[in-house]
1. Quick check: the angle from helix 226-235's long axis to the longest principal axis of the chain, C-alpha only, nearest 10 degrees?
2. Do any GluC sites (Glu not before Pro) in region 133-189 lie in a loop, going by DSSP, with at most 12 other beta-carbon atoms within 10 Å of their beta carbon, and if so which?
3. Gain in length, residue 266 to residue 313, computed as 0.36 nm per residue apart minus the alpha-carbon separation, to one decimal in nm?
4. Consider all pairwise Cα distances in region 124-173 and report the whole-number % of them above 19 Å.
5. Classify region 102-236: rounded, prolate or oblate, from the alpha-carbon gyration tensor (a ≥ b ≥ c, eigenvalue square roots; a/c under 1.5 rounded; otherwise prolate if a/b is larger than b/c)?
6. Can you compute the modelled spin-label distance between residue 340 and residue 157, with each label point 7 Å from Cα toward Cβ, in nm?
7. Within straight cross-link reach of residue 215, meaning Cα distance under 19 Å, which lysines are found once same-chain residues fewer than 8 apart are removed?
8. How large is the helix-only mean residue ellipticity at 222 nm for the chain, computed as the sum of -39500 (n - 2.57) over DSSP H runs with n ≥ 4, divided by its residue count, in deg cm²/dmol to the nearest 500?
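The values are calculated or read from the model by the stated rules, or taken from the named source; none is laboratory data. What you see is a predicted model; the values in this text were computed from it and never measured. Here the Cβ positions follow ideal geometry from the backbone for every residue, glycine too, while neighbour counts run over all protein chains shown. Areas reflect the complete protein model, heavy atoms only, side chains present, ligands, DNA and RNA absent. Shrake-Rupley method; radii C 1.70, N 1.55, O 1.52, S 1.80 Å.
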Amino acid sequence: RLGTRKYKEQVASCPTRSLFTFLSPFIMAPPTSIPPEIKAMGFDQVKGDAKLLSYAPKPLAKNDVDFVVTYNGICHSDIHMIDNDWGMTRLPLIPGHEVVGHVLAVGSAVTDIAPGDVVGLGAQCQTCQECDYCKQGIDNVCADRAFTYMATTKDELGEHIHHGGFSSFLRTDGRMLYKVPDGLEEKYVGPLMCAGATIFEPIHHFFGGLDGTGKTVGVVGIGGLGHLAVQFAHKMGANVIALSRGTNKEEFAKQLGADSLLDTTNDDAMAAAAGTIDLLIFTTAGGNIDVNQYLPMMKPYGNVHFCGVPDENLSLNVMPILFGRLSLSGNPVCGANDMRIMLQFAAEHDIKPIIEVFAHSQANEAIAKVRDGSIRFRAVLKNDLIEQ
């Protein structure tokens, strides 16, 4: 294995689209097919450490696509699953739903993806493809959606356990893959497949398109999701207010595109901001959110939106919601339509996450930094599990 410093130097110098160049530190030639045993970093116990595991891929179905993983982002949802916080963890657990890779082979019914394509896989690995929501491209609310490493998928060959992007290869339903546009460097794509998708949807829908001129967007939390929300809202032409505890992130927020930063611990500043925000997005996860503190800041017909789940249930004062004709909403990532638009918009406007890159074999090091909050701002794994 390469040492951490040398590994990061190789990552920095790796071109975007060359699979051979990407894999050259590890193998003599790029793979042409999925192996009979797929190596992965996984967990055989709740709250344990990641270990090198292997599993046999499912049979190739007509809609399947095989690809070699190049990068995989780590989401805080992975930590929840590792710890079984939601009571749905299945062992062995192979996480990862911010995946990017190069296509090796496709099933007989796949017509829009070909070997050599660079593709991304997000939090959903399958939907019914038949309900009204799927047909409208809002499959993120399909009742039969299957999450990438939390569910069992179905095809003409049977039912199968689906694993995530901590794997070295994946075989998955190609209808849930998205071609990566030219202009997006692969190491940045993974976090866009989840964090980017999650914050893009509410902004895009509230604006009714990609023009936010004349609107003011407040972003609560300038971390893994928030630093992307600021970029997207700014590039759509909105006035962006970053909301944070203290002012130490003010210069950074403005570098991202925020017009101002509001210190949520400053009561006078919060009072002065009354009636200024059209769309307020909570991007933080965990903890306790006092939503009532923020409601006076909303303009009439404003939208208060949640992209993260707090640890405690919300306590709401309904009066400002009623008299301000406010709406409250949330979203589970985004549907197919928004995903394609988001990726293209990010490519055209040079929107990318701030990341730290680790080898797949360094998953425990990366997870530790996500756990303690020291990651800046998304951890990304680079596949080093293919043997020489």
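1. Orientation of helix 226-235: about 70 degrees from the principal axis.
2. Sparse-neighbourhood loop GluC sites (Glu not before Pro): 156.
3. Going from the current span to full extension adds 14.5 nm.
4. For region 124-173, the fraction of Cα-Cα distances above 19 Å is 29 percent.
5. Prolate is the answer for region 102-236, as a/c is 1.5 or above and a/b outweighs b/c.
6. Each label point lies 7 Å from its Cα, and together they span 2.7 nm.
7. Within the straight-line cut-off, residue 215 pairs with 235, 254, 299.
8. When only DSSP H runs of four or more count, the value is -6500 deg cm²/dmol.
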